[in-house]
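The values are calculated or read from the model by the stated rules, or taken from the named source; none is laboratory data. Just so we're clear, the structure is a prediction, and the values are computed from it rather than from any experiment. Here the Cβ positions follow ideal geometry from the backbone for every residue, glycine too, while neighbour counts run over all protein chains shown. Surface accessibility is based on the protein's heavy atoms, side chains included, excluding ligands, DNA and RNA. Shrake-Rupley method; radii C 1.70, N 1.55, O 1.52, S 1.80 Å.
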Amino acid sequence: MDAVLIDGKAISAQIKDELKEKTQKLKAETQTEITLAVVLVGEDPASQVYVRNKRKACEYIGYRSLAFELPADTTQDCLLNLVKDLNGRDDVDGILVQMPLPSQIDEKKVINAISPAKDVDGFHPMSVGALCIGEPGFVSCTPAGVIQLLKRSGVEIAGKECVIVGRSNIVGKPMAMLMLRENATVTVAHSKTRDLKEVCRRADILIAAIGRHRMITADYVKEGAVVIDVGINRIPETGKLCGDVDFDDVLPHVSAITPVPGGVGPMTIAMLMNNCYEAFIMRRKN
Ligand code: GUN
């Protein structure tokens, strides 16, 4: 069977282009700009790359981005004060505090301090709760991106067996809620799951969000399944980027699959940009 390669780079580019067009119209109509505030504490190189990419995406679409780069020894109070200030600013639509934060800062306190109306990461307990009960609210960007990949690739979700491997707060759990919302039958598996291979082999749609390179091999995959690889790992020996799925091993058995890099990865920023647009619209509706 020839597998379809789900092209996250192309789909994310399409989403960004759609947003760019909508943003141009919005600017012409309202004479205002959609604004994302990005807060980075410290000098973690990976975080610096993520933040730079978020800023570049804003620039491409036509959003205004405000950068707040704070030293690594910033106190929790100082960061909380900045968040409070951004919550109150009428010219700020979305707030993103890049994680991880230095050890003197309690990440939970910071997440809880962000106004749910500006929580474009979808990490606030109000956003997570809204997702669980089907109320409007921001959805965590990576799982929202997976839904877009499936829909825009023509994969039917309703009625399908979906197995998610991984139960993190920002991927596995919201992913389960989103697949449920799309009427899939959902199983969340994890490191303590008995007979993991058997469980995974039930899946019509298998979503790997484990964080262990190439763990999902052909013997975890049902013939003809759709496999979505959320993992971004570096192979220790070579430093090369790879997913949680052993791509070459699995490929002959799937009907569709996402590569790493170029699958789920690029979707996260596209969905963040989509959340910023929604934040702008929602704040002006209320
Ligand atoms: N660190 C790694 N991924 C993310 C993300 O999606 N949002 C934030 N705020 N920090 C991150």
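Tabulated data
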{"quantity": "Criterion: over 30 Å from Gly88 (Cα atoms) and among the small types (Gly, Ala, Ser) - qualifying residue of Ala144, Ala158, Ala117", "calculated": "Ala158"}
{"quantity": "Segments classed as helices (runs of 4 or more DSSP H), wholly inside the range 119-214, with at least 1 members that are within 16 Å of the ligand (Cβ to nearest atom), out of contact with any Ser or Thr (no Cβ under 6 Å at 6 or more places or on another chain) and of a type outside the set (Ser, Thr, Tyr)", "calculated": "125-133, 141-152, 172-181"}
{"quantity": "Condition met for Met271 (part of a helix (DSSP H, G or I) and open to solvent by 40 Å² or more (accessible area, probe 1.4 Å))", "calculated": "no"}
{"quantity": "Residue match in the range 1-11 (condition: within 16 Å of the ligand (Cβ to nearest atom) and under 19 Å from Cys141 (Cβ atoms))", "calculated": "yes"}
{"quantity": "Lone unmet requirement of (1) within 24 Å of Val264 (Cα to Cα); (2) of a type in the set (Asp, Glu); (3) surrounded by 19 or more Cβ atoms within 10 Å (Cβ to Cβ); (4) more than 16 Å from the chain's Cα centre (by Cα) for Asp121", "calculated": "(4)"}
{"quantity": "So Leu79, is it of a type in the set (A, V, I, L, M) and closer than 11 Å to Leu36 by Cα", "calculated": "no"}
{"quantity": "Single condition Asp229 does not satisfy, out of (1) of a type in the set (Asp, Glu); (2) farther than 30 Å from Glu59 by Cβ; (3) crowded, with 23+ Cβ neighbours inside 10 Å", "calculated": "(2)"}
{"quantity": "Filter result (part of a helix (DSSP H, G or I) and surrounded by fewer than 24 Cβ atoms within 10 Å (Cβ to Cβ)) within the range 276-286", "calculated": "Tyr277, Glu278, Ala279, Phe280, Ile281, Met282, Arg283, Arg284, Lys285"}
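Okay, residues lined up against (1) open to solvent by less than 60 Å² (accessible area, probe 1.4 Å); (2) of a type in the set (A, V, I, L, M, F, W, C); (3) closer than 30 Å to Gly137 by Cα:
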| site | (1), (2), (3) |
| --- | --- |
| Cys162 | yes, yes, yes |
| Lys197 | no, no, no |
| Ala203 | yes, yes, yes |
| His213 | no, no, no |
| Gly224 | yes, no, no |
| Lys240 | no, no, no |
| Asp246 | yes, no, no |
